[in-house]
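All remarks here apply to the structure that follows.
The values are calculated or read from the model by the stated rules, or taken from the named source; none is laboratory data. Please read all numbers here as calculations on a predicted model, not as lab measurements. Every residue, glycine among them, receives a Cβ derived from its backbone with ideal geometry; neighbour counts consider all protein chains shown.
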Amino acid sequence: MKRVNELSEDKLFNVGKIVNTHGIKGEVKVVRITDFEERFEKGNILYLIDKSKSEPIPLTIKHHRQHKQFDLLQFESYDSINDVEPFKECLLTVKEEQLQTLDEGAYYYHEIIGCKVYTLDNELLGEIKEILSPGANDVWVVKCPNKKDLLIPYIDDVVRTVDVKEKKVIIELMEGLLD
């Protein structure tokens with residue numbers, strides 16, 4: 001499964017979070033939450049979600065480069081640190097029509113979150129509430145009624161069927177998974 005952490009909010013999908021400014025020429029440090037390198041190409045439009053404003057702010061990428069574990073972005077018409085200082089802690093999003101078609105067997109996080117999880121015997125276990133990306137494979141966190149959360153590794157031996165249209169996932173319970 002391709003790891004694509006783009007969560008929905010009013011048909012906008014998160015692709016990054018601005019964590020700080022960088023230098024004095026209007027660059028911002030972004031923690032990427034998308035697998036798509038092309039999201040940050042020059043000329044692309046991202047939408048800034050600022051909690052103090054009701055409407056997303058469209059921003060056109062002027063320049064992109066990587067520095068350590070961050071993406072550094074500069075936006076057209078924002079050429080000084082003073083222009084981008086208010087952007088700290090804001091989310092960068094794309095519109096639904098900007099989402100790319102994924103290969104078969106790959107899903108956006110927003111397609112998986114909210115799916116009901118069933119065993120091969122059609123026993124409802126709960127609903128996927130979160131996806132963790134700790135390493136080689138994702139882990140789906142399933143909220144189980146009156147029980148602690150169940151952690152489902154996204155591997156072929158466990159996840160047998162994913163139907164995002166029906167919001168249904170069928171898993172094979174491995175020994176120790178419910179302990």
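For residues that are within 15 Å of I24 (Cα to Cα) and under 20 Å from the mean Cα position of the chain (by Cα), tally how many sit in the stretch 56-88.
Going through the stretch 56-88 one residue at a time, the tally reaches 4.
Here is a check on your reading of the model: is Y118 of a type in the set (F, W, Y), under 30 Å from K165 (Cα atoms) and not assigned by TED's automatic domain parsing to the domain that holds V19?
Values: of a type in the set (F, W, Y): yes; under 30 Å from K165 (Cα atoms): yes; not assigned by TED's automatic domain parsing to the domain that holds V19: yes.
Yes; evaluated as a whole, the condition is true for this residue.
What residue, of L124, L120, L150, is more than 19 Å from the chain's Cα centre (by Cα) and buried (at least 16 other Cβ atoms within 10 Å of the Cβ)?
On the way: L124 fails: buried (at least 16 other Cβ atoms within 10 Å of the Cβ); L120 fails: buried (at least 16 other Cβ atoms within 10 Å of the Cβ).
The conditions single out L150.
Out of all the residues in the stretch 159-179, which are farther than 19 Å from D149 by Cα and either part of a strand (DSSP E or B) or touching a helix residue (DSSP H, G or I) at 6+ places or on another chain (Cβ under 8 Å) (or both)?
Of all residues in the stretch 159-179, those farther than 19 Å from D149 by Cα come to 160-166.
Selection gives R160, T161, V162, D163, V164.
So in the stretch 31-52, with the set limited to residues that are hydroxyl-bearing (S, T, Y) and part of a loop (DSSP other than H, G, I, E, B), which one is farthest from V94 (Cα to Cα)?
First pass over the stretch 31-52, keeping only residues hydroxyl-bearing (S, T, Y): 34, 47, 52.
So of that shortlist, the ones also part of a loop (DSSP other than H, G, I, E, B) come out as 34, 52.
On the way: T34: 11, S52: 19 Å.
Here the answer is S52.
Which residue pairs have Cβ atoms under 9 Å apart, sit 6 or more places apart or on different chains, and have a first residue in the stretch 157-179 that is within 17 Å of I112 (Cβ to Cβ) and among the charged types (D, E, K, R) and a second that is at pLDDT 90 or above and part of a loop (DSSP other than H, G, I, E, B)?
R160/L120; R160/E172; D163/C115; E166/C115; K167/G114; K167/C115; K168/C115
Restricting attention to the stretch 53-71, which residues are in contact (Cβ under 8 Å) with a residue 12 or more places away in the chain and within 21 Å of K95 (Cα to Cα)?
Hits for the stretch 53-71 are P56, P58, L59, T60, I61, K62, H63, H64, D71.
Of all residues being touching a Ser or Thr at 6+ places or on another chain (Cβ under 8 Å), closer than 16 Å to P86 by Cα and of a type outside the set (K, R) in the stretch 20-45, which is surrounded by the most Cβ atoms within 10 Å (Cβ to Cβ)? Just the residue, please.
Initial filter on the stretch 20-45 (touching a Ser or Thr at 6+ places or on another chain (Cβ under 8 Å)): 24-29, 43-45.
Remaining after also requiring closer than 16 Å to P86 by Cα: 24-29.
The next check asks that each one be of a type outside the set (K, R); those that pass are 24, 26-28.
On the way: I24: 10, G26: 23, E27: 24, V28: 28.
Within the stretch 20-45, the match that is surrounded by the most Cβ atoms within 10 Å (Cβ to Cβ) is V28.
Which residues, counting only those in the stretch 54-74, are surrounded by fewer than 13 Cβ atoms within 10 Å (Cβ to Cβ) and of a type in the set (D, E, K, R)? I'd like the intermediate steps shown before the answer.
So in the stretch 54-74, the residues surrounded by fewer than 13 Cβ atoms within 10 Å (Cβ to Cβ) come out as 54-55, 58, 65-69.
The answer is E55, R65, K68.
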